[in-house]
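The values are calculated or read from the model by the stated rules, or taken from the named source; none is laboratory data. Values in this document were obtained by computation on a predicted structure and should not be read as measured data. Here Cβ is always computed from backbone atoms with ideal geometry, including for glycine, and neighbour counts include all displayed protein chains. SASA here: full protein model, heavy atoms, side chains in, ligands and nucleic acids out. Shrake-Rupley method; radii C 1.70, N 1.55, O 1.52, S 1.80 Å.
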Amino acid sequence: MPGIYAAFAVIMAVFGESVKGIHLGLLLVTTTNILLVYAIGRRRFDPLTGAVAGAVYAILALGQMAMGIHAHATHFVVGFGLAGILVLICALEAERRIWAWYGMAGILLGLAILMKQHALFYLAFAGLITVAAGHRPPAPTAWRRTILAVFALGVGAILPLLITGLMLYWAGRFPQFWFWTVQYAREYATTTTLAD
């Protein structure tokens, strides 16, 4: 997805076009992800749970399976995904439904998708917890509010994808974008069967 190229361009613009610059950018991204895990754990449970969750994430993020010392797209997906989930949690916990919060959560989740298609699972998770939270407390307008929240989340998620698609179309690169991010990805993902 084209978002990862933009992320690397920002990192190199800030830290320099070198291995050291990329590693500094990765350090910043990983540290941000640790803080986001902490913030979600603290908000949903308590400060100790947040600290333990952040510490565990830090250890796991350095592992070879997570490509911890390589600036892999997954690290950027996690950052935008966690930020989107944190904003969504804030929206769900707010006394008043502020639709802009749901839209902002959607934008962050859309940016995660721009890093790598797998981030669709973050968006699906966000939709599920929004629907599940819509049943509490029971009220006559609960379904209406839930539908509006999911709509705002979806519109926010589509915006970064739509803007990127329009930019690539105007640049004359949309056919290449479609091939690499949809057609090729579909073929690549279906080379191994579910049975395998």
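Annotation for the stretch 1-108: GluC sites (Glu not before Pro) lying in DSSP loop with at most 12 further Cβ atoms inside 10 Å of their Cβ are GLU17, GLU95.
Annotation: per residue accessible area for the stretch 1-87 equals 58 Å², rounded to a whole number [probe 1.4 Å, protein chains only]. Calculated [222 nm] ellipticity per residue, helices only, for the chain: -25000 deg cm²/dmol; basis is -39500 (n - 2.57) per DSSP H run with n ≥ 4, divided by all residues, nearest 500. Expressed as a whole number of Å, what is the distance separating the alpha-carbon centroids of the stretch 148-176 and the stretch 108-122? If you average the Cα positions of each part, the centres end up 12 Å apart. Computed log10 I(q)/I(0) for the stretch 112-196 at 0.16, 0.25 Å⁻¹: -0.79, -1.17, from the Debye equation with unit scatterers placed on every C-alpha and solvent omitted. Across the stretch 171-187, rounded Karplus estimates of 3J(HN,Hα) from the backbone phi angles (6.51 cos²θ - 1.76 cosθ + 1.60, θ = phi - 60°) give 7, x, 10, 4, x, 5, 4, 4, 4, 6, 9, 10, 5, 5, 4, 5, 5 Hz, Gly and Pro being marked x. With R₀ set to 30 Å, the beta-carbon distance separating ALA189 from LEU60 gives a calculated FRET efficiency near 0.75. Rounded to the nearest whole Hz, the Karplus-based 3J(HN,Hα) values (6.51 cos²θ - 1.76 cosθ + 1.60, θ = phi - 60°) of the stretch 56-62 follow the sequence 5, 4, 4, 5, 5, 5, 7, with x at glycine and proline.
Measuring nothing but protein heavy atoms, the accessible surface of the stretch 152-196 at 1.4 Å probe radius is 70 percent carbon and sulfur. A convex hull fitted to the Cα coordinates of the chain yields 160 cubic angstrom per residue.
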